[in-house]
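Structure, as structure tokens:
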Amino acid sequence: MKITVRQADENDFPAVLSLIKELADFEKSPDKVTNSVELMQREKNYFSCFVAEAQGNGIVGMAICFFAYYTWVGKSLYLEDIYVKESFRRNGVGKALIRRIFDVARAENCKRVRWQVLDWNTDAIGFYRK
């Protein structure tokens, strides 16, 4: 399967929001999402988003991150969310997205990349350990 990862643009926000809602469902918190395409458009300067496209299937994954400053180490990149549609997992989509995040961190001279994972999400924990 050919996967392409690219910087998202405003035209991608509806698909990204759909993935955000899928993630919220997966995390058993569908009522917590108050984000909207309009809000993403207004606040687009506060985050970066990368989308993964699978040939012939459109956007199948996304990673949202932002720059942060940690007093002990300095400039860092915080990975807010990474999500891949269930039917496309274990096909290298997540790996391609996380590589892009680390490429951005290196290019921007970040001292660290930071993220969190729910303790019950054993698949994600295994993915990050790899």
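The values are calculated or read from the model by the stated rules, or taken from the named source; none is laboratory data. A quick note: this is a predicted structure, and the numbers were derived from the prediction, not measured. Cβ coordinates were reconstructed from backbone atoms using ideal geometry, including for glycine residues, and neighbour counts include every protein chain displayed. We work out accessible area using only protein heavy atoms, side chains counted, and drop any ligands, DNA or RNA first. Shrake-Rupley method; radii C 1.70, N 1.55, O 1.52, S 1.80 Å.
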Quiz item: Which one of TYR83, TYR78, TYR69 is more than 25 Å from ALA24 (Cβ to Cβ) and part of a strand (DSSP E or B)?
Solution: TYR69
Quiz item: Here is a list of conditions, (1) among the polar types (S, T, N, Q); (2) within 24 Å of MET1 (Cα to Cα); (3) out of contact with any strand residue (DSSP E or B) (no Cβ under 9 Å at 6 or more places or on another chain), and GLN55 meets all of them except one; can you say which number that is?
Solution: (3)
Quiz item: What is the residue count in the stretch 1-30 for residues that are in contact with a helix residue (DSSP H, G or I) (Cβ under 8 Å, 6 or more places away or on another chain), free of Cβ contacts under 8 Å to residues at least 24 places away in the same chain and not hydrophobic (A, V, I, L, M, F, W, C)?
Solution: 3
Self-check item: Flag if LEU39 is open to solvent by less than 70 Å² (accessible area, probe 1.4 Å), without any contact (Cβ under 8 Å) to a residue 12 or more places away in the chain and aliphatic (A, V, I, L, M)
Solution: yes
Self-check item: Residue count for the stretch 42-56, restricted to those that are open to solvent by 30 Å² or more (accessible area, probe 1.4 Å), in contact (Cβ under 8 Å) with a residue 40 or more places away in the chain and either within 20 Å of ILE101 (Cβ to Cβ) or under 13 Å from the mean Cα position of the chain (by Cα) (or both)
Solution: 2
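Looking only at the stretch 97-113, filter to residues that are more than 11 Å from the chain's Cα centre (by Cα) and aliphatic (A, V, I, L, M); which one of those is least open to solvent (accessible area, probe 1.4 Å)?
Of all residues in the stretch 97-113, those more than 11 Å from the chain's Cα centre (by Cα) come to 99, 102-113.
Of the ones still in play, those that are also aliphatic (A, V, I, L, M) are 104-105, 107, 113.
Numbers: VAL104: 33, ALA105: 6, ALA107: 80, VAL113: 31 Å².
In this case the residue turns out to be ALA105.
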Quiz item: Would a scan of the stretch 122-130 turn up a residue that is touching a residue at least 12 places away in the same chain (Cβ under 8 Å) and open to solvent by less than 30 Å² (accessible area, probe 1.4 Å)?
Solution: no
Self-check item: Any hit, the stretch 2-20, residues being assigned to a loop (DSSP other than H, G, I, E, B), open to solvent by less than 70 Å² (accessible area, probe 1.4 Å), over 13 Å from VAL93 (Cβ atoms) and at pLDDT below 95
Solution: no
Quiz prompt | Residue pairs meeting the criteria (Cβ under 9 Å; at least 6 apart or on separate chains; first farther than 18 Å from ARG100 by Cα, in the stretch 65-77; second open to solvent by less than 10 Å² (accessible area, probe 1.4 Å) and modelled with pLDDT of 95 or more) | solution = TYR69/SER76; TYR70/SER76
